[in-house]
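Taking it in order: structure first as C-alpha cells, then the write-up.
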Amino acid sequence: MIHDRYSLAFKLYPYERNADQDSATPVRHPVVIVGGGPIGVATALDLGLQGIPVVVLDDHEGIGMGSRAICFAKRTLEIADRYGCGKPMLDKGIVWNLGKVFHDDRKVFEFNLLPEEGHKYPAFINLQQPFFEKFIVDRVRKAQAAGAPIQLRGKNRVDQVTVRDDHVVLDISTPEGTYTIEADWLIGCDGASSPLRGMMGLDFEGRVFQDSFLIADIKMLNDSFPTERWFWFEPYFKSGASTLLHRQPDDVWRVDFQIGWDVDRKEEMKEENIRRRLDAMLGPEVSYEMVWSSIYTFQCKRMERFRHGRVLFAGDAAHQVSPFGARGANSGIQDVDNLGWKLGMVLKGQAPERLLDTYDEERTFGADENILNSTRATDFITPKSKISHVFRNAVLDLAERHAFARPLVNSGRLSVPCTYDGMSLNGEDALPGPARTRPGSPCPDAPLGDGFLLSQLGNDFVILTINTDAPDTLQEDGVTARHVAVRSEDDTSGALAERYLGDASRAVYLIRPDQHVAARWDRYDETAIRAAMRTACAKD
C-alpha cells in the first residue's frame with residue numbers, strides 16, 4: 001500500500017446499533033448476506049427491489065483499500081442499468097473498446113471489442129472498484145428511502161454459523177458486544193478467503209499458478225497514453241515478463257507487471273523498487289504519483305457446489321480466476337443476476353426450492369467456462385516450458401503479419417456473458433433464428449426508436465413478440481409474463497432483425513427475469529409458452 005486514497009473516501013455503512021441487538025431471542029430474517037462488497041450489496045439491491053427483506057453483514061464499514069477490479073464489462077453495466085445504477089457508472093468510467101498487443105517493442109495487432117453499433121453500453125469501462133461499489137450503495141440508499149427493506153450493517157462480524165434444516169443461525173460480534181440472528185437463507189459473498197466458507201468446512205478445488213504479478217496504480221501528471229488496453233509480451237523496457245496498462249478515471253493508470261515466482265515480495269513492494277520498474281517503462285519525462293500497489297498470484301479455483309442447503313455462495317467466495325480477462329467481478333455480478341430472481345420467486349412461493357439448484361447448475365457451468373478461458377490465458381502469458389515459450393513467441397511473430405494467427409494470441413481474452421447451453425431451465429427452440437439468441441443466451445441489446453430493447457426487458461418474465469401479436473399478460477401457476485411488442489417499423493437500424501429474426505419474418509421469445517432467453521418460436525402458441533414458463537421456474 002502506498003496511499004490510502006479510496007478507503008478514506010468511502011466509509012459507506014458505518015456501525016450503528018440495530019434492534020436485533022436488543023432482542024431477547026434471535027430475530028429471524030428471510031435473507032442474510034455475509035459480505036458488503038460489490039457482490040453482496042448488489043444481491044441485497046436485487047432482492048430489496050423485489051420487496052424482500054435482506055440484511056447485509058460486513059466486518060468493515062465500507063470499501064476496502066485499492067482499486068482492485070477496474071474493468072467492468074457490457075453485461076455488468078446492463079445488469080447495473082436494470083438495478084438503476086448503470087448511468088453513473090458509465091458517466092464516471094473510462095470507455096474503451098480498443099486493445100493493442102505488443103511483443104518487445106513491436107505492435108503485433110490491435111482489436112475492437114465492440115465493432116457493431118446499436119448498444120446502450122460499451123464493451124467495457126474502466127472504473128476503480130471503490131467507485132463501482134459506491135454507486136451500488138448510493139442506489140441502495142435511494143431504494144431504502146423509497147421503502148426497500150435493505151439493511152447494511154457495518155462492523156458486524158460473523159463469528160459462527162450453525163446450519164439447520166430450515167434456517168441458519170449466525171453469531172455476530174460488534175463494537176458493542178455480540179448478538180445472534182437467524183436466516184431462512186444465507187448468502188456468502190465474503191470474498192476469496194471467505195470466512196463463511198471456512199466455518200462450514202468447505203474449500204476450493206483448482207490450480208495455483210507459480211508466478212507473481214505486481215499491480216501499481218499511479219496518477220500520471222501528464223497524459224502520455226491513449227485510452228486503450230495495452231499489453232506487452234517480453235517488453236523492451238525489461239520491467240517484467242509481461243506488462244499491462246489501463247487508464248482509469250481521475251488520471252489514474254493501472255500497471256500490471258509479471259515479476260516471476262521466486263521473488264522477495266517484501267522487497268518488491270518497496271516504493272523505490274516499484275518506481276524502478278515504472279521509470280524503466282514510462283521514461284524519465286513522465287511524472288507520476290503512487291496511489292496503491294499489491295502483489296497477487298493467479299488462481300483458478302471454485303467450490304464443488306455453490307448451494308449447500310440453506311446457504312448459497314456467490315462471487316469470489318464461490319470461484320476465483322486470474323485477473324487477466326476481467327472475469328472476477330463481472331462473473332460475480334452475473335451470479336447475482338442469476339440468483340436474485342430465483343431466490344425471489346422461491347421466497348414469494350412462486351417456485352419450488354429446487355429452482356435454487358439451477359443457480360448451482362448454471363453458475364458452476366459459467367465458472368468452469370471462465371476458469372477454462374482464464375487458464376488458457378495464463379498458460380499463454382506464462383509458458384511453463386522452453387518449448388511452450390518458443391511456440392508462444394512464434395505465434396506472436398506470425399500474428400504480426402498474418403490475421404489467421406491472431407485468434408491464437410491470448411493476453412487475457414476479455415469477459416463475455418455465459419450462455420447456458422443444455423441447462424435444465426431452457427425450453428423449446430422452434431425458431432430458425434440467430435444462434436446468439438438461442439435459449440440460454442443473454443439477450444443482446446438493440447435500438448428501438450429513442451430507446452433500447454433491454455430497457456424493456458428484465459425483472460420479470462417477458463413475452464417478446466416481433467411482427468406478431470400476443471395478450472398483454474399471461475399467467476401460469478402464479479407467475480405472470482408481460483408482453484413487449486415490437487414491429488419492423490420500430491427497428492430503424494435493422495439491428496433487432498439481425499439479432500433476433502435472422503431470416504425469419506416474425507418471432508416470439510420468452511425472456512427470463514435476468515434477460516436470458518428461455519425459449520423461442522416462430523409464432524405465438526399459448527400452450528407452448530405455458531410449458532416453457534413452467535420449465536423456466538423448475539416446476540416440471
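The values are calculated or read from the model by the stated rules, or taken from the named source; none is laboratory data. Quick caveat: nothing in here was measured; it's all calculated off a predicted structure. Backbone-built Cβ (ideal geometry, glycine too); neighbour counts: all protein chains shown.
Count, please, the residues in segment 205-251 that happen to be part of a loop (DSSP other than H, G, I, E, B) and either closer than 30 Å to Phe306 by Cβ or not β-branched (Val, Ile, Thr) (or both).
20
Taken over segment 435-450, the residue count meeting the criterion of being modelled with pLDDT of 95 or more, of a type outside the set (Gly, Ala, Ser) and in a loop (DSSP other than H, G, I, E, B) is 5. Is one or more of the residues making up segment 289-300 under 23 Å from the mean Cα position of the chain (by Cα), among the hydrophobic types (A, V, I, L, M, F, W, C) and not in a strand (DSSP E or B)? Within segment 289-300 (the criterion being under 23 Å from the mean Cα position of the chain (by Cα), among the hydrophobic types (A, V, I, L, M, F, W, C) and not in a strand (DSSP E or B)), the answer is yes, since at least one residue qualifies.
Here is a yes/no grid of residues against (1) under 30 Å from Ala394 (Cβ atoms); (2) of a type in the set (Gly, Ala, Ser); (3) touching a strand residue (DSSP E or B) at 6+ places or on another chain (Cβ under 9 Å):
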residue: Phe135; (1), (2), (3): no, no, no
residue: Arg157; (1), (2), (3): no, no, yes
residue: His167; (1), (2), (3): no, no, yes
residue: Ser173; (1), (2), (3): no, yes, yes
residue: Gly198; (1), (2), (3): no, yes, no
residue: Phe209; (1), (2), (3): yes, no, yes
residue: Ile215; (1), (2), (3): yes, no, yes
residue: Phe225; (1), (2), (3): yes, no, yes
residue: Ser242; (1), (2), (3): yes, yes, yes
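Only residues that are touching a Leu at 6+ places or on another chain (Cβ under 9 Å) and part of a strand (DSSP E or B) were counted across segment 27-58, and they come to 9. Taking the condition of being closer than 15 Å to Phe298 by Cα and acidic (Asp, Glu), how many residues in segment 189-230 meet it? Selection size over segment 189-230: 2. Residues satisfying the criterion are present in segment 274-291 (criterion: in the same structural domain as Arg229 (by TED's automatic domain parsing), in contact with a Phe, Trp or Tyr (Cβ under 8 Å, 6 or more places away or on another chain) and basic (Lys, Arg)). Taken together, Glu61, Glu110, Glu78 contain a single residue that is at pLDDT 95 or above and either within 16 Å of the chain's Cα centre (by Cα) or not in a helix (DSSP H, G or I) (or both), which is Glu78. Taken over segment 320-354, the criterion of being crowded, with 21+ Cβ neighbours inside 10 Å, outside any helix (DSSP H, G or I) and free of Cβ contacts under 8 Å to residues at least 60 places away in the same chain is satisfied by Val321 alone.
The residue list Phe365, Phe313, Phe306 contains one member that is buried (at least 16 other Cβ atoms within 10 Å of the Cβ), touching an Asp or Glu at 6+ places or on another chain (Cβ under 7 Å) and either within 23 Å of Leu202 (Cα to Cα) or hydroxyl-bearing (Ser, Thr, Tyr) (or both), which is Phe306.
Scanning segment 393-413 for residues being surrounded by 21 or more Cβ atoms within 10 Å (Cβ to Cβ) and part of a helix (DSSP H, G or I) gives a total of 1.
Scanning segment 9-43 for residues that are aliphatic (A, V, I, L, M) and either exposed (fewer than 14 other Cβ atoms within 10 Å of the Cβ) or more than 28 Å from the chain's Cα centre (by Cα) (or both) gives Ala9, Ala19, Ala24, Val27.
Residues are listed down the side, and each one gets a yes or a no for (1) of a type outside the set (Val, Ile, Thr); (2) under 21 Å from the mean Cα position of the chain (by Cα); (3) more than 26 Å from Arg327 (Cα to Cα); (4) part of a helix (DSSP H, G or I):
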| residue | (1), (2), (3), (4) |
| --- | --- |
| Leu356 | yes, yes, no, yes |
| Glu362 | yes, yes, no, yes |
| Phe365 | yes, yes, no, yes |
| Asn370 | yes, yes, no, yes |
| Asp379 | yes, no, no, yes |
| Ser388 | yes, no, no, yes |
| Ser415 | yes, yes, no, no |
| Asn426 | yes, no, no, no |
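Residues that are part of a helix (DSSP H, G or I) and either within 27 Å of Ile33 (Cβ to Cβ) or not assigned by TED's automatic domain parsing to the domain that holds Ala495 (or both): does segment 156-173 have at least one?
Filtering segment 156-173 for residues part of a helix (DSSP H, G or I) gives none.
Checking segment 156-173: not a single residue is part of a helix (DSSP H, G or I) and either within 27 Å of Ile33 (Cβ to Cβ) or not assigned by TED's automatic domain parsing to the domain that holds Ala495 (or both).
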